[in-house]
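First up is the structure itself, then whatever we jot down about it.
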Amino acid sequence: MEWIKKKDNYKVPIKSWCRDLEDLALAQAQDLARHPVVFHHVALMPDCHVGYGMPIGGVIAAKDAVIPNAVGVDIGCGMGSVRTNIPVSETSREKIRKIVERVKETVPCGEGRAHKKAQAWEGLDDIDAYSDRGWYSSHVRALALKNLGTLGGGNHFIEIQAGDDDLVWLMIHSGSRHLGNVIARYYNEIAVELNRKWCADTPGKDLAFLPTDSPEGRNYIKDMNFALAYAGQNRKRIMSRFMEAFSQIFPETKFSKEINIHHNYACLENHFNTDVWVHRKGATSARKGEIGIIPGSMGTPSYIVEGLGNPESFMSCSHGAGRVMGRMQATRSLTPEACDQVMQGIVYDRWNKVRKGKTKGMYDLGEAPQAYKNIEEVIESELDLIKPLHKLHPLGVVKG
């Protein structure tokens, strides 16, 4: 960890675990350091890169307040992982391909892809209790029911992995889908308007806050937790279908207890002898002894880790490798041939073409391994935050 110099207009200092911190991410961290409700310091994990309002891979604590954009639009986005009893030596490219195809038959993958029928879950039985919220509509309700157990797009994935323990692991990355998005945007708009009304000294509307003792703040916390429960159930549903597909190819499979964690959320915790709302945006809780997941890219290793409970990071660690290229930059500067070379030996679907926007017609290479930081350097940079337990190499990947 190293200090970012404390300027006179900083309210709190910045502490960084980044080897290279891009200028835009630093500027966002400086906005947080000037924020009226941010407590003690700003922590930047080694996967840090520019986000919306707050950098991805950032951790802050807020006193008596929540900042919707410091959680993000995919509330509850996170990871799931299970270990099987199947030796890596029993796998083959053909078997991995069969599992990948069966997963895609039961788990809708990609933006706008959902189940044809509403899914049953008791946690959604009372969604109509939110009908007085501005984010609620019949459309949101219908999507929430059909999106449960779907992957989504972007950096979300389903992956079969070879562990350094010579066993096969299953890993997923997904979140709250459309539900978390509408909740986040709705409350940020409310926060912007209230901060304007109060003449709050916030560094721009992207970091507007809600006092936790206000009706709006209390409602955000309740609705955020609803989205967190939805995201956790979403991963559980995906993992269940994933395990079923795997067991169809390996009927003798036994599975370990599932790890299911968030990396986009806010939670009331005690740090530096103060009760504060810790916001982790693209960051994972790493309390002492806590098991976590730090994925790489679709062509590089992932890690199962154990938290060390370092107070300087608010007991947090990175949520992944972190980007070095934006999606559009990667699509424009990389080639399918170079990306295929990096993906050698891994079962995956070839690159699709962009359907709209400035890169329409070009191959979408936004998720290529070259668009991400070196996962080994990321892990090495946070060995005071976590202890690596298992290194997992990708065998087969499903992307949205």
Residue that is within 19 Å of HIS263 (Cβ to Cβ), of a type in the set (D, E, K, R) and under 16 Å from the mean Cα position of the chain (by Cα), where the choices are ARG287, ARG323: ARG323
Go through the range 257-273 and count every residue that is on the phi < 0 side of the Ramachandran plot and not in a strand (DSSP E or B). 3
Within the bounds of the range 11-25, is there any residue that is closer than 16 Å to ARG323 by Cα and of a type in the set (Ser, Thr, Tyr)? no
Tell me, please, whether a residue that is surrounded by fewer than 18 Cβ atoms within 10 Å (Cβ to Cβ) and under 29 Å from ILE249 (Cβ atoms) can be found in the range 133-141. no
Close pairs from the range 1-21: first farther than 17 Å from ASN310 by Cβ, partner aromatic (Phe, Trp, Tyr) and in a strand (DSSP E or B), Cβ under 8 Å, at least 6 apart: VAL12/PHE39
Within the bounds of the range 87-99, is there any residue that is on the phi > 0 side of the Ramachandran plot and of a type outside the set (S, T, N, Q)? no
Among the candidates ARG97, ARG113, ARG83, which residue alone is of a type in the set (D, E, K, R) and within 17 Å of SER176 (Cα to Cα)? ARG113
Between a residue in the range 121-146 that is farther than 17 Å from ASN225 by Cα and any residue that is surrounded by fewer than 10 Cβ atoms within 10 Å (Cβ to Cβ), which pairs come within a Cβ distance under 8 Å, given they are 6 or more apart or on different chains? LYS146/LYS116; LYS146/LYS117
Criterion first (at pLDDT 95 or above and surrounded by 13 or more Cβ atoms within 10 Å (Cβ to Cβ)) does LEU228 satisfy it? yes
Which of the following residues is touching a residue at least 12 places away in the same chain (Cβ under 8 Å) and on the phi > 0 side of the Ramachandran plot: HIS40, HIS35? HIS40
Which of the residues spanning the range 341-400 are without any contact (Cβ under 8 Å) to a residue 40 or more places away in the chain and touching an Asp or Glu at 6+ places or on another chain (Cβ under 7 Å)? TRP351, ASN352, LYS353, VAL354
For ALA25, which of the numbered conditions (1) farther than 17 Å from HIS319 by Cα; (2) under 23 Å from the mean Cα position of the chain (by Cα); (3) of a type outside the set (S, T, N, Q) fails to hold? (1)
Just one listed residue, out of LEU207, LEU228, is touching a Gly at 6+ places or on another chain (Cβ under 6 Å), touching a residue at least 60 places away in the same chain (Cβ under 8 Å) and over 26 Å from LEU124 (Cα atoms), and it is LEU207
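The values are calculated or read from the model by the stated rules, or taken from the named source; none is laboratory data. Everything quoted here is computed from the prediction, not taken from an experiment. Reconstructed Cβ throughout: ideal geometry from the backbone, glycine too, with neighbour counts over all protein chains shown.
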